[in-house]
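Here is the structure we will look at, set down as structure tokens.
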Amino acid sequence: MNILSKWLREYLPALDVDDRQLAEDLTLRGIAVEGVHELPDGGHLFEMDITTNRVDAMNHYGVAREAAAIYGLPLLTLEDWRVANVEAGPVPVPDDDLSVGEYSLPRGHTLSGLSDANKKVAPSQADAAGHSVRIEAEDLCGRFTARVVRSVTVEASTGLVAERFAALGQKSISNAVDATNYNWMAMGHPTHVFDLDTLQGGIVVRRAHAGEMLRLLDGSTKLLTIDDLVIADERKALGLAGIMGGWDSRVTEATKNILVEAAWFSPTAIRASSRRHGLHTDASHRYERGADLGACASANQLVTRALEVSCGGVADAAFTDVTVAAWEKKTRQRPRVTLRVRYTQEFLGTTIEIGESGNVLPEDKIEQYLEALGCHLRPSVDGARFEVNLPSWRLDLEREIDLVEEIARVYGYNRFADTLPSFSGGVTALPFAAADAKVREVLLALGYTEALGSTFAGEADSALFAQKAAVAMGNPLSAEAGVLRPSLLPGVVGMVEQNSARDVREVRLFEVGNVFSGSTETVAEEPSLALAAFGGGVKTRTIAAADALFFEVKGAVEEVLGRFVTPALLWSGADLPAWVEPGRGARVSAGGVVLAVVGELSIAEREERKLREDAVFAEVYLPALFACPLQQPSAVEPSRFQAVERDLSFLFSDAVRWADVVAAVRGLGIAEMISLEPVEIYRDAKGKSVAAGEYSLLFRMVFQSGERTLTEQELGGWQESVVGALTGIGGRHRAPEAA
Amino acid sequence: MSYELPSNIDFSSPESVSKALADLQAAFADEVQAAHSADAREHFRVRWFGDKAGLVNRGAGAWIKAIPSAEKREFGAKFNAVKVRLTEEFQAAGAARSSATMAASLDLTLPGTRRGVGVEHPLTRTMREMVAVFAALGYSVALGPEVETDFFNFEALNFPPNHPARDTQDTLVIADQSSRPSRERLLMRTHTSPVQIRSMIAGPPPLRLVIPGKVHRNDESDATHSPIFHQVEGLCVDRGITFSDLKGTLDHAMKAFFGSSVKTRFFPSFFPFTEPSADVQISCPFCGGAGCRKCKHSGWIELLGCGMVDPAVFAAVDARRVENGLEPAYDVSGISGFAFGMGVERIAMMKYGVGDIGQFYSGDMRFLQQFA
């Protein structure tokens, strides 16, 4: 929404700050001016950004009222403004209409008509003098005003209206339609003009009939439901109430006589209808956020007068104004709100300025600001509270706290001090904070970089990478994001794919995030950890190049799991998930609980994803892992005696696994053997130095005692028993030189 | 290093004595050549020239003690000559070694070798740093589910059903919800604020919580918007919490995070769950407020949304507490509080100069490793 500063100033003749200062002061009070653009006429165009709760301020008069409150200046009534700026002359205001006076409250003006019980509410059938109007759907329409303007000449707008439309970037349609839009920008109440001669009989505001068709101003034809509200004549629907007028009754250059409508509709009805038809218009925007029921008559008067001026028409004396009492109560006659002075001051806290009552908000400001915004305050006898009447254009104000906010806002937030509340209560850590931090620390140290991925996955990927069924989204972002990720793997696999496509040679990533399972009825959500490794595996004397990446990830998983107190880890190659290349992965369990899956991506998937090299992935099930306590470090005095290394070389059949070697050696129960590690594994593809189906294993034992120096004799004995044990599982000892 | 002083020299035989001295010198010559490294050389020095246990001194001592006294003087002179020669030889070997070092000196311009370290994600890092600031102010971390019910995400936060305020937070919903009661419908949380509600239902005041988390909105992606993003939210509820306390807390937190010279200013704003509501700008920490690209030459950067907890939120919390069989604990006649929230991506983008928000979720190693 845009504002012309010159137009704004018409309502505030006493305003003497310059446009830039005005823009800044408005912004600091929540009526944000996002941009200030200089215009050839010396004024400025303000680009406004006003929060959705403040529809009342999305027009020139509304912004002017804010400025009046900020600076404590008098605001012209709309009628005084019209007289001063549009045209002088007799104003055909019906006796019972109070809205022009009510609508714009200059300082000191009282809301006499508003709260009084004798306020005249017209019956649902207007008097015969005006155009007949009947509100049939009283639950959806609160007020409807109508006046006829005759003998108009419809043509292009000229003069001030045309200039201002151009400056504001508003499309000019014709002088008649422009009059409604001009008034909309002036004071924010939507109005509509009908070609009177296309109407048959009186106006009826009713629900649409099921299946009723209506052609709208934009040329589209809508199929209506009984939840749509229409403005109709005796014959048919003329327009979609509060949203858009109809095609058949539109004002054209041929139009001679016009019916001006200014009405008020139920916000929820307009919102539902606007959404149903996908029609978001200026009018629907205002109505669905709450228009001013009290402004209908003055809006109608202002448009009527504008039509007289710009189209040369003559308004009928008769004015029809039908109000539904129930809506009158909910808008113009809302109950008073009690505002406690002390509470307001205490709630807002310390001010920077120190006044008579100390550094709290001065009491007189409370009254001044609220009156300027259109409230009427009646102080209690002891002065401790005010009974506050709320203005009909501020449906967002309902409660004491709403008024407190208004006071703080107009006073200026930055005039409050910066204080710190005293602290009571302790700081608690999340149950798994330490475990989570440890997992991250380990992985970062191992060279895995943290990634964050999408919460969603495609259905095919989910089925491939997760055992559990995925939960479907109702309005997915895309086809590839159709379900809540049941596993982190689809995400990290995709990342590896992207990296590979960008010629990144080496990827080490991990992600910690939530995964989802269950049903659309009940979604289960739990944390998970994924690892991804691609490229750069380093072969060692024990690990062949082709297996290097797997063992690197295995190492990382071991390191992570090793920080927790778990039952013995079991690495099983049985029953692997479908994404794992057969024979190239493992499930890791401890005490019968699966803690992780590690595996090489299947060749089929690798090719599908155009990965040039092996990629190894792992997923660690954090709830199962976090159920295990973290290892608590405890110190053991390092031995002061020399450690002795002994290497042995054996030939084994491929059927003998390292775990078999360990079991055989450890089975000897040599307490002084503090370490047993493979040093080199060798297979000869040609079967020369090592026969096919066999491998040579060089391993290292380290012996150390905490109490004494080991003797050659002991060492020799142990070595001999190790050789014996390994011979027992089919090994053939080789001379040390062979290693 | 098998040489050891012989213990069975026949000092009556000059041949035997000469051989012992020759063996000593031969062993020395062998070992001095092998002592290349500084460590080995030091080891060598101690072995041969050590004050008490060194071979040379030990040899002198043991042999002179064993030799017949008539020949002591002559042998002493001989041994001394050997000792001088050995010392010279040792020094010469040292000099030769250092010139060899010069010839094969290190090319110090070659890059060092190392294992690449892993890098924490810039969003995690930003959240961790934010959380740390509030932890120091006595805030505990709270977390909540990413899949929420309408009640926690909207209704309890004073977004009534069909209210226009919901338009600002377009929501991703779980499938098959239309037949369920409105408040039970499942959706992706659009903000971390439902954790406020869950925490207040779970426990009475005082509360000081900092809530980092992932949130989702049904928004189009562009360079600065992502349907997936992160927030850090805070909640402070106690007796007598004031609007100026909110101001002071956030001013302090921004100074702690961006540096003590940063200033804050507050603008009225609108959030359904706070009242009064404010947007907070900080003076640009990059240019000190003079105007730069990061602050779009305004000198100020908008960073936070905040406000005093709306009484309707407290009322919704107490209603649910009662439903759950708990005592109401958030009576607004005594209790007040404030809440605030900020977008993590926005802060990280600004702080690290990231141009495209999508990079945060790309898993691109080249991008992520810049944040080491």
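The values are calculated or read from the model by the stated rules, or taken from the named source; none is laboratory data. Only a predicted model underlies this, so the values are computations on that prediction, with no experimental measurement involved. For neighbour counting, all protein chains shown are included, and Cβ atoms are generated from backbone atoms with ideal geometry for every residue, glycine included. Remember, those area values only see protein heavy atoms, side chains included, never the ligands or the DNA or RNA. Shrake-Rupley method; radii C 1.70, N 1.55, O 1.52, S 1.80 Å.
Could you tell me which of the residues A:S639, A:S634 is at pLDDT below 95 and surrounded by 12 or more Cβ atoms within 10 Å (Cβ to Cβ)?
A:S639
State the number of residues belonging to the stretch A:302-312 that are buried (at least 22 other Cβ atoms within 10 Å of the Cβ) and either in contact with a strand residue (DSSP E or B) (Cβ under 7 Å, 6 or more places away or on another chain) or free of Cβ contacts under 8 Å to residues at least 40 places away in the same chain (or both).
3
Could you grab me the full set of residues in the stretch A:473-483 that are surrounded by 16 or more Cβ atoms within 10 Å (Cβ to Cβ) and over 16 Å from B:I228 (Cβ atoms)?
Once the filter is applied, which keeps residues that are surrounded by 16 or more Cβ atoms within 10 Å (Cβ to Cβ) and over 16 Å from B:I228 (Cβ atoms), the stretch A:473-483 yields only A:G474.
Please list, ordered by first then second residue, the pairs with beta carbon atoms under 6 Å, 6 or more apart or interchain, first in the stretch B:170-181 and at the interface with another protein chain (Cβ under 8 Å from one of its Cβ atoms), second open to solvent by 70 Å² or more (accessible area, probe 1.4 Å).
From residues that are at the interface with another protein chain (Cβ under 8 Å from one of its Cβ atoms), the pairs are B:Q177/B:R185.
Which of (1) open to solvent by less than 10 Å² (accessible area, probe 1.4 Å); (2) more than 10 Å from chain B (Cβ to nearest Cβ); (3) hydrophobic (A, V, I, L, M, F, W, C); (4) touching a residue at least 40 places away in the same chain (Cβ under 8 Å) does A:V492 not meet, given it meets every other one?
Against the list (1) open to solvent by less than 10 Å² (accessible area, probe 1.4 Å); (2) more than 10 Å from chain B (Cβ to nearest Cβ); (3) hydrophobic (A, V, I, L, M, F, W, C); (4) touching a residue at least 40 places away in the same chain (Cβ under 8 Å), A:V492 comes up short only on (2).
Filter the stretch A:441-485 for residues that are more than 11 Å from chain B (Cβ to nearest Cβ) and touching a residue at least 60 places away in the same chain (Cβ under 8 Å) and give the result.
Passing the criteria: A:L464, A:F465, A:Q467.
Somewhere in the stretch A:203-212, is a residue closer than 24 Å to A:F46 by Cβ, in contact (Cβ under 8 Å) with a residue 24 or more places away in the chain, outside the structural domain of A:R394 (by TED's automatic domain parsing) and touching a Cys at 6+ places or on another chain (Cβ under 9 Å)?
no
Looking at A:A128, is it open to solvent by 60 Å² or more (accessible area, probe 1.4 Å), among the hydrophobic types (A, V, I, L, M, F, W, C) and at pLDDT 90 or above?
Answer is no for this residue.
Those residues that are crowded, with 21+ Cβ neighbours inside 10 Å and either in contact (Cβ under 8 Å) with a residue 24 or more places away in the chain or more than 7 Å from chain A (Cβ to nearest Cβ) (or both), I need them from the stretch B:246-257; list them, please.
Within the stretch B:246-257, B:L246, B:T249, B:L250, B:A253, B:M254 meet the criteria.
Quick one: A:V679 ticks every box in (1) open to solvent by 40 Å² or more (accessible area, probe 1.4 Å); (2) outside the structural domain of A:E558 (by TED's automatic domain parsing); (3) in a strand (DSSP E or B); (4) β-branched (V, I, T) except a single one, so which number is it?
Going through the list (1) open to solvent by 40 Å² or more (accessible area, probe 1.4 Å); (2) outside the structural domain of A:E558 (by TED's automatic domain parsing); (3) in a strand (DSSP E or B); (4) β-branched (V, I, T), A:V679 breaks only (1).
Inside the stretch A:173-282, counting only strands (runs of 3 or more DSSP E) that do not spill past its ends, which hold 2 or more residues that are hydrophobic (A, V, I, L, M, F, W, C)?
A:191-195, A:203-207, A:213-215, A:229-232, A:237-240, A:258-265
Among the candidates B:P212, B:P194, B:P206, single out the residue that is closer than 14 Å to B:F314 by Cα and either more than 10 Å from chain A (Cβ to nearest Cβ) or in contact (Cβ under 8 Å) with a residue 60 or more places away in the chain (or both).
B:P194
Quick one: count up the residues across the stretch A:610-627 that are at pLDDT below 95 and out of contact with any Leu (no Cβ under 6 Å at 6 or more places or on another chain).
Total satisfying the criteria: 4.
Do the conditions hold for B:S260, that is, is it out of contact with any Ser or Thr (no Cβ under 6 Å at 6 or more places or on another chain), more than 9 Å from every other protein chain (Cβ to nearest Cβ) and surrounded by fewer than 22 Cβ atoms within 10 Å (Cβ to Cβ)?
It is true that B:S260 is out of contact with any Ser or Thr (no Cβ under 6 Å at 6 or more places or on another chain), more than 9 Å from every other protein chain (Cβ to nearest Cβ) and surrounded by fewer than 22 Cβ atoms within 10 Å (Cβ to Cβ).
Does the stretch B:272-295 contain at least one residue that is open to solvent by 20 Å² or more (accessible area, probe 1.4 Å), of a type in the set (G, A, S) and within 13 Å of another protein chain (Cβ to nearest Cβ)?
Within the stretch B:272-295 (the criterion being open to solvent by 20 Å² or more (accessible area, probe 1.4 Å), of a type in the set (G, A, S) and within 13 Å of another protein chain (Cβ to nearest Cβ)), the answer is no, since none of the residues qualifies.
Could you tell me which numbered condition A:G599 fails, if it satisfies all but one of (1) out of contact with any Pro (no Cβ under 9 Å at 6 or more places or on another chain); (2) open to solvent by less than 50 Å² (accessible area, probe 1.4 Å)?
Of (1) out of contact with any Pro (no Cβ under 9 Å at 6 or more places or on another chain); (2) open to solvent by less than 50 Å² (accessible area, probe 1.4 Å), only one is false for A:G599: (1).
Okay, residues lined up against (1) in a strand (DSSP E or B); (2) modelled with pLDDT under 95; (3) more than 14 Å from chain B (Cβ to nearest Cβ):
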position	(1), (2), (3)
A:P13	no, yes, yes
A:Q21	no, no, yes
A:N53	no, yes, no
A:A64	no, no, yes
A:L76	no, yes, yes
A:A84	no, yes, yes
A:A88	no, yes, yes
A:P92	no, yes, yes
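Just name the residue that is farthest from A:Y287 (Cα to Cα) out of those in the stretch A:394-415 that are assigned to a loop (DSSP other than H, G, I, E, B) and not charged (D, E, K, R).
A:G412
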